[in-house]
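Chemist: Sending over a structure as structure tokens; questions will come in a sec.
The values are calculated or read from the model by the stated rules, or taken from the named source; none is laboratory data. From a predicted model like this one, the values you see are computed outputs, not experimental measurements. All Cβ positions, glycine included, derive from the backbone under ideal geometry; neighbour counts span all protein chains shown. The protein model used for the area step is the full one, side chains on, heavy atoms only, and it has no ligands, DNA or RNA in it. Shrake-Rupley method; radii C 1.70, N 1.55, O 1.52, S 1.80 Å.
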Amino acid sequence: MPRSPSPRPSARLSIGQRVACVATALVIVASLGGYGWYQGLIGNITTAQVDTDEWDRPTSVEGVMNLLIIGSDVRSGENADYGDAEGERPDTMLIASINVDSGAATLVNLPRDLMVDLPACEAVEGYEGMSAQHGMINSAMNFGGVGCQWKVVEQVTGVHLDHFVVMDFAGFKDMVDAIGGVEMCIPEPIDDVKAHLKLDAGLQTLDGEDSLGFVRSRYAQGDGSDLSRIDRQQEFMGAMLREVLSSEVMTSPVTITNFLGAVTDSITTDEGLTVNTMADIAISMREVDLDRIQFVTVPNGVHPDNENRIILSEPAASELFGAINNGVDLTGGEEDDGSGQESEEEAADPSDVSVEVLNNTGIDGLALEIQAVLVNEGYTVTGTGNPELRVPDATTVYHGPGAEAAAELLAGSLTNAVTEEVEGLEQTLELVAGSDWNGFDTGSSSSSEGELSITDDLGGVTAEAGPRSAC
């Protein structure tokens, strides 16, 4: 991708925490509907053109907006005080998946030490391109610019990325200062010369400079790994979101103006991320609960050939990416059916489901085979046999009123099955294997049914918890 024509095109230096600024900026834009001056701020944003038609892309899902958040490791301009680094590798990358319909957001960190199969990228102005190879996920940007990095992330994860955002160090400091700092709990004293950071232990409000040092610091905290640093970055993102969404910030036009000025002056986006798009996202996120904004690092493990590198852990990583690309709400929130009551079937689990298995295929012993599989998956099978009342040709899961979710759960584990409500069935489902029986869907996963939990299954965290209890 050609380098940006911005007056300071190389001053794009960032780390993962800046996604908090993007997310909060999107939220705040929605509150600016009553202020006529916010349009002028948008003119500060630098845009870059990426031709996404050059590669085969994952399918997008209506109602879901996926942003690629990039922190470039270029050290120049206002960011030259933070050391020297050759090339343009992202220091941190995240996928921010915003479910516009449900008002939830999941932010997935892609560690820079992650080794993946990289697709080839053509040479473009300012970049030499690269051949297909096995390498670090963040190396693509150095060879093919942000367009190549976009392609790599889509090809590796299978997640359709709608837009990208790149942010820099100097702007990050200004953002934090604009909201009066961010309150953090520092469990132990920190003295990190490389990150320009020296802090005492305890609860304290970090200004822009200290916040930048905190999210950049690696070797002076934790075990010195990038994964440990990501954990702290996610903690900071949650704290910053809480600060920005506080009444003190949201009700202050001056504070909002300063904050958005810092945001818009420090980001580069694709040309498609327009003001209207930002406003649409922000409106959907305006009243979101903090427990529906969650952070997680993609499941990973140590690379078998290099203990200093990591690889994706399967099938957990694919399940997470698949859930994100399919628009699954991973926050565990209940949808409102308009009745004012939460339906119990929303929380359907195999251990709570009883089913009778009936064989209408003519295949001897099939009902017993199905029973064995279902029992292994946690279902309670109350009996087997041949159908008498209902003898469909299509494999069907029959259920009584109020048991839709349980029936959908069972049908979802089969290659081809439909559900149908009938009177007279109360606690037990009735599975009738028809002449179209094609077995169980071995490719189905908990994520496809919305059962994958960021916090319970993947060790993620939400933006809800504050720092005070930790101190």
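Chemist: Could you count how many residues in segment 74-117 are farther than 27 Å from Glu464 by Cα, in a loop (DSSP other than H, G, I, E, B), open to solvent by less than 50 Å² (accessible area, probe 1.4 Å) and modelled with pLDDT under 85?
Modeler: 6
Chemist: Please go through segment 219-252 and give me each residue that is farther than 25 Å from Val296 by Cα and open to solvent by 50 Å² or more (accessible area, probe 1.4 Å), ordered by number.
Modeler: Ser247, Glu248, Thr251
Chemist: Would you mind finding the one in Leu212, Leu203, Leu199, Leu227 that is of a type in the set (A, V, I, L, M, F, W, C) and farther than 27 Å from Gly459 by Cα?
Modeler: Leu199
Chemist: So, restricting to strands (runs of 3 or more DSSP E) that lie completely within segment 147-195, which ones have at least 1 residues that are within 17 Å of the chain's Cα centre (by Cα) and modelled with pLDDT of 90 or more?
Modeler: 163-167
Chemist: Moving on to the next point. Consider Gly385 carefully, then state whether it is touching a helix residue (DSSP H, G or I) at 6+ places or on another chain (Cβ under 8 Å), open to solvent by less than 50 Å² (accessible area, probe 1.4 Å) and either among the aromatic types (Phe, Trp, Tyr) or closer than 19 Å to Asn438 by Cα (or both).
Modeler: Considered against the rule, which asks whether it is touching a helix residue (DSSP H, G or I) at 6+ places or on another chain (Cβ under 8 Å), open to solvent by less than 50 Å² (accessible area, probe 1.4 Å) and either among the aromatic types (Phe, Trp, Tyr) or closer than 19 Å to Asn438 by Cα (or both), Gly385 comes out as yes.
Chemist: Between Ser343, Ser266, which is among the hydroxyl-bearing types (Ser, Thr, Tyr), modelled with pLDDT under 80 and crowded, with 16+ Cβ neighbours inside 10 Å?
Modeler: Result of the check over Ser343, Ser266: Ser266.
Chemist: Among (1) part of a loop (DSSP other than H, G, I, E, B); (2) touching a residue at least 12 places away in the same chain (Cβ under 8 Å); (3) among the small types (Gly, Ala, Ser), which single condition is Gly224 missing?
Modeler: Gly224 satisfies every listed condition except (2).
Chemist: Would you check if Leu330 is crowded, with 21+ Cβ neighbours inside 10 Å, of a type outside the set (Ser, Thr, Tyr), within 27 Å of Arg229 (Cβ to Cβ) and modelled with pLDDT of 90 or more?
Modeler: no
Chemist: Inspect segment 20-41 for any residue being assigned to a strand (DSSP E or B) and at pLDDT below 80 and give the result as yes or no.
Modeler: Taking every residue of segment 20-41 in turn, none turns out to be assigned to a strand (DSSP E or B) and at pLDDT below 80.
Chemist: Modelled with pLDDT of 85 or more, among the β-branched types (Val, Ile, Thr), closer than 18 Å to Asp101 by Cα and open to solvent by less than 40 Å² (accessible area, probe 1.4 Å), is that true of Ile324?
Modeler: Spelling it out, Ile324 is indeed modelled with pLDDT of 85 or more, among the β-branched types (Val, Ile, Thr), closer than 18 Å to Asp101 by Cα and open to solvent by less than 40 Å² (accessible area, probe 1.4 Å).
Chemist: Taking the condition at negative phi, part of a loop (DSSP other than H, G, I, E, B) and open to solvent by 10 Å² or more (accessible area, probe 1.4 Å), does Glu209 pass?
Modeler: Considered against the rule, which asks whether it is at negative phi, part of a loop (DSSP other than H, G, I, E, B) and open to solvent by 10 Å² or more (accessible area, probe 1.4 Å), Glu209 comes out as no.
Chemist: On to the next question. Any residue in segment 392-418 that's under 16 Å from Ile370 (Cα atoms) and in contact (Cβ under 8 Å) with a residue 40 or more places away in the chain: show its pairings with residues that are aromatic (Phe, Trp, Tyr) and assigned to a loop (DSSP other than H, G, I, E, B) at Cβ separation under 8 Å, as long as the two are six or more apart or on different chains.
Modeler: Cβ pairs passing all conditions: Thr395/Trp437; Leu410/Tyr379.
Chemist: Right, here's the next one. Please enumerate the residues belonging to segment 348-374 that are among the β-branched types (Val, Ile, Thr) and exposed (fewer than 14 other Cβ atoms within 10 Å of the Cβ).
Modeler: Once the filter is applied, which keeps residues that are among the β-branched types (Val, Ile, Thr) and exposed (fewer than 14 other Cβ atoms within 10 Å of the Cβ), segment 348-374 yields only Ile363.
Chemist: Residues of segment 414-442 being among the charged types (D, E, K, R) and crowded, with 18+ Cβ neighbours inside 10 Å, which ones?
Modeler: Glu430
Chemist: Could you check how many residues of segment 317-328 are under 14 Å from Val156 (Cα atoms) and of a type outside the set (S, T, N, Q)?
Modeler: Qualifying residue count, segment 317-328: 6.
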